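Novice: Submitted below is the structure of interest, expressed as structure tokens.
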Amino acid sequence: MSDTVTLNRTLKLPSLVIFGLAYLTPLIVLGIFGVIASQTNGASASAYLLALGAMLFTANSYGRMAAAYPVAGSAYTYVRKTIDGRIGFLVGWATMLDYLFLPMVIWLIGGSYLQAQFPAVPMAVWIIGFIILTTVLNVVGIKVADRVNLILMSFQILVIVFFVALSLADVFASDGGAGLISAAPFTGIDSTLVAIGGGAAVAAYSFLGFDAVTTFTEETIDPRRTVPKAIMLIALIGGGIFVIVAYAVQLVHPGGVFENSDAAAFEIAKSIGGHLFGAIFLAALVIAQFTSGIAAQAAGSRLLYAMGRDGVLPRSFFGKLSPRFHTPVLSLPAIAVIGLIAIFMNVATSTSFINFGAFLAFIMVNVSVIVYWARERRGGRSLNVWLYLVCPIIGVLVIGFLLTQLDVHAITLGAIWLVVGAVILAVTTKGFRTQPSELAVDSVDSEPSEAAQQA
């Protein structure tokens, strides 16, 4: 009998969807509502609707690749299997900007909320508390984290439902039933297509993480069918929540003028529900950050595990699983250590470059589907042209546009990160002459699935 330790297949579709929604943190739509409403002159619902449409093209591509290659690693795995191992390494390296540093940002935001409420407690205490608790939950196992996520996500959704209900009740009390049906949240006040497009570029950041469930492929039951469904459901449900919330809140506060756009939702929460609901809303935001931190750290550890298992990162460290819990027992603390950097940073600085890696990964996954379609076509297999060619091309164009909307600091830092990755790759591949190591362990073969061939 083999002594090889592998990831346990315990996750079903509902669990994957919950993890994906936890990663998205639906409540964050209220956290950045004021920013998007200001940018679109009150057409925040249109901005989220446009962003949802854009993300669905890339969600389709992730689903196609997850069905064809149901192993951990996400964009990194898909690119190396369809295009080239060296390019796959660079995509994985770029993706680490998102997966490794996003948990740090999440913990930093949660700590910032708590310090604002309890200024006597140092920020470091809150951040370290977040890190220890989420790391312990993730080390113990994905099933335990799954149960915690379900409880915390339920509370988060409940607060969103109350926020929307109170918003609609406030509008009904002042304008009657007719006030509940309006085009204003979509058209704004003298808004333009340019303004809505700019708002959509910001709103698209709310969707970052819908792809994270692909890193749980090897812990999913029937991953070829379950993961693609989960990806589309996460994008649709998350986007639906964003549009509905933006619509309801925009009805309460038409236009995009606020005393403080960064804290607009807090002002509205107190206006529609009083100070008690304002306090509940603040608690929900902190809990949402904790929930998101669990999912983000878990996903990041799976990426490190896949790259360590391949040998492109030290296998003895990153490729190691706990014999007892079957989790990446050393990769999880590695992300925890990175999270400690949050003690010395602010939110603006820490978030300046993670989107560079996410958008680059999105583009390359779309390209991977196109290459996969061409390769399978040469091999005599017929795949759906719309799903495997047209949608990915649109995805490349849309995400490419969003990438150009990043500020110069994000692009510069992202480029520097890529150069560092290229240097590491050059050393490990003897000047790019050899391919990085192939997967050391694949739980399934890499042949196209029957479902993919028939799609």
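The values are calculated or read from the model by the stated rules, or taken from the named source; none is laboratory data. Note that the coordinates shown come from a computational prediction; the quantities given were computed from them, not determined experimentally. All Cβ positions, even for glycine, are placed from backbone atoms using ideal geometry, and neighbour counts span all protein chains on display. Only protein heavy atoms, including side chains, enter the accessible area calculation; ligands, DNA and RNA are left aside. Shrake-Rupley method; radii C 1.70, N 1.55, O 1.52, S 1.80 Å.
Novice: Hey, which of the helices (runs of 4 or more DSSP H) in segment 213-320, taking only ones fully inside, have at least 1 residues that are hydroxyl-bearing (S, T, Y) and more than 30 Å from S331 (Cβ to Cβ)?
Specialist: On the way: elements: 223-252, 264-310, 315-318.
Fully inside segment 213-320 and qualifying: 223-252, 264-310.
Novice: Quick check on segment 42-57. Is at least one of its residues closer than 30 Å to D190 by Cβ, in a loop (DSSP other than H, G, I, E, B) and open to solvent by 10 Å² or more (accessible area, probe 1.4 Å)?
Specialist: Among the residues of segment 42-57, not one is closer than 30 Å to D190 by Cβ, in a loop (DSSP other than H, G, I, E, B) and open to solvent by 10 Å² or more (accessible area, probe 1.4 Å), which makes the answer no.
Novice: Among what's in segment 162-185 and is closer than 19 Å to S44 by Cβ and among the small types (G, A, S), pick the residue that is surrounded by the fewest Cβ atoms within 10 Å (Cβ to Cβ).
Specialist: Applying the filter and picking the extreme gives A183.
Novice: A follow-up question, please. What number goes with the only condition from (1) touching a Phe, Trp or Tyr at 6+ places or on another chain (Cβ under 7 Å); (2) of a type outside the set (V, I, T); (3) modelled with pLDDT of 85 or more; (4) farther than 24 Å from T220 by Cβ that S368 does not pass?
Specialist: Evaluating S368 over (1) touching a Phe, Trp or Tyr at 6+ places or on another chain (Cβ under 7 Å); (2) of a type outside the set (V, I, T); (3) modelled with pLDDT of 85 or more; (4) farther than 24 Å from T220 by Cβ leaves (4) as the failure.
Novice: To continue, here is another question. Suppose the filter is touching a residue at least 60 places away in the same chain (Cβ under 8 Å), touching a Ser or Thr at 6+ places or on another chain (Cβ under 7 Å) and buried (at least 22 other Cβ atoms within 10 Å of the Cβ); does T226 pass it?
Specialist: It is true that T226 is touching a residue at least 60 places away in the same chain (Cβ under 8 Å), touching a Ser or Thr at 6+ places or on another chain (Cβ under 7 Å) and buried (at least 22 other Cβ atoms within 10 Å of the Cβ).
Novice: Now for a separate question. It is to be established whether one or more residues within segment 377-391 are under 22 Å from A94 (Cα atoms) and of a type outside the set (V, I, T).
Specialist: no
Novice: Here's a follow-up. Can you name every residue in segment 240-274 that is open to solvent by less than 10 Å² (accessible area, probe 1.4 Å) and either under 17 Å from I157 (Cβ atoms) or free of Cβ contacts under 8 Å to residues at least 24 places away in the same chain (or both)?
Specialist: Passing the criteria: F242, V245, A246, A248, V249, A265, A269.
Novice: Can I ask one more? Is one or more of the residues making up segment 295-316 acidic (D, E) and under 28 Å from V159 (Cβ atoms)?
Specialist: no
Novice: A follow-up question, please. Determine whether segment 443-452 contains at least one residue that is modelled with pLDDT under 80, among the acidic types (D, E) and not in a loop (DSSP other than H, G, I, E, B).
Specialist: Filtering segment 443-452 down to residues modelled with pLDDT under 80 leaves 443-452.
Right, trim to among the acidic types (D, E) and you get 445, 447, 450.
Those still in the list that are not in a loop (DSSP other than H, G, I, E, B) too: 450.
Yes: one or more hits.
Novice: Also, quick follow-up: As an exercise: evaluate S38 against (1) within 27 Å of L387 (Cα to Cα); (2) touching a Ser or Thr at 6+ places or on another chain (Cβ under 6 Å); (3) open to solvent by 10 Å² or more (accessible area, probe 1.4 Å) and give the number of the one condition it does not meet.
Specialist: (1)
Novice: Here's something else I'd like to know. Against the conditions (1) open to solvent by less than 20 Å² (accessible area, probe 1.4 Å); (2) closer than 25 Å to M55 by Cα, where does F281 fall short? Just the number, please.
Specialist: Among (1) open to solvent by less than 20 Å² (accessible area, probe 1.4 Å); (2) closer than 25 Å to M55 by Cα, the lone unmet condition for F281 is (2).
Novice: Oh, and also: Give me the residue from segment 94-120 that is open to solvent by 40 Å² or more (accessible area, probe 1.4 Å) and of a type outside the set (S, T, Y) and, out of that set, modelled with the lowest pLDDT.
Specialist: A116
Novice: So, one more: Here are some residues: A201, A178. Which one is of a type outside the set (D, E) and within 21 Å of I109 (Cβ to Cβ)?
Specialist: A201
Novice: Moving on to the next point. Mind listing whichever residues of segment 19-28 are closer than 11 Å to L285 by Cβ and either in a helix (DSSP H, G or I) or under 11 Å from the mean Cα position of the chain (by Cα) (or both)?
Specialist: Residues satisfying the conditions are T25, I28.
Novice: Within segment 77-102, how many residues are within 20 Å of L397 (Cα to Cα) and within 15 Å of the chain's Cα centre (by Cα)?
Specialist: The qualifying residues number 2.
Novice: Looking at the structure I just gave you, is I294 β-branched (V, I, T) and open to solvent by 20 Å² or more (accessible area, probe 1.4 Å)?
Specialist: Here the answer is no, as I294 does not meet what is asked.
Novice: Can you spot a residue in segment 185-207 that is hydroxyl-bearing (S, T, Y), under 30 Å from A361 (Cα atoms) and assigned to a helix (DSSP H, G or I)?
Specialist: Scanning segment 185-207 turns up at least one residue that is hydroxyl-bearing (S, T, Y), under 30 Å from A361 (Cα atoms) and assigned to a helix (DSSP H, G or I).
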